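Everything on this sheet refers to the single structure shown next.
Just so you know, all these numbers are worked out from the coordinates, no wet-lab data involved. Small disclaimer: the values here were computed from a predicted structure and weren't measured. Using ideal geometry, Cβ is built from the backbone for each residue, glycine included, and neighbour counts are taken over all protein chains shown.
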Amino acid sequence: MRKLFLSLALVLGMSVAVNAQVAKKINPFSVETLDVLKATDEQKKQVEEQTKDVKAKIAAIKKNTALSDEEKVAEHQKVNRERSRRFYNEILTPEQAKQLRQMIAEQRKAQN
């Protein structure tokens with residue numbers, strides 16, 4: 001009985017350790033990521049405003065009954081591409097953009 005209990009504890013401990021090693025997906029627009037990138041208060045404000053704008057555009061796309069489902073998906077993707085382009089090219093400094101791309105690449109590498 002004691003061996004069974006110890007074995008169970010060992011297996012449980014190993015599963016917790018494995019789960020802890022799985023990295024949380026990086027959200028480039030999160031406060032945590034912006035803190036790692038040492039974003040300025042102005043940059044954080046720009047990201048916050050951009051996020052509100054994107055949410056409004058996506059809500060409008062979802063409500064637009066003139067668009068087919070495929071067109072809605074295409075418009076949603078267009079909004080997201082523009083958000084990323086502006087984020088990397090206009091909000092972040094070149095150094096911050098490079099650092100973020102490296103962080104994402106490392107995460108992808110670790111997941112494979």
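Is there a quick way to get the dipole size of the stretch 26-111? I mean about its Cα centre, with the Cβ of Lys and Arg at +1 and of Asp and Glu at -1; what is the value in debye to the nearest 20?
It comes to approximately 180 debye.
If we count every other residue with Cβ under 12 angstrom of GLN107's Cβ, Lys/Arg +1 and Asp/Glu -1, where does the sum land?
That works out to +4.
Taking every alpha carbon pair in the stretch 26-111, what does the distance histogram look like in 5 angstrom bins from 0, in percent?
All Cα pairs, binned at 5 Å, distribute as 3, 14, 21, 20, 15, 13, 9, 4, 1 percent.
Between LYS63 and GLU32, what's the calculated FRET efficiency when r is the beta-carbon distance and R0 is 30 Å? Round to 0.05.
About 0.45, to the nearest 0.05.
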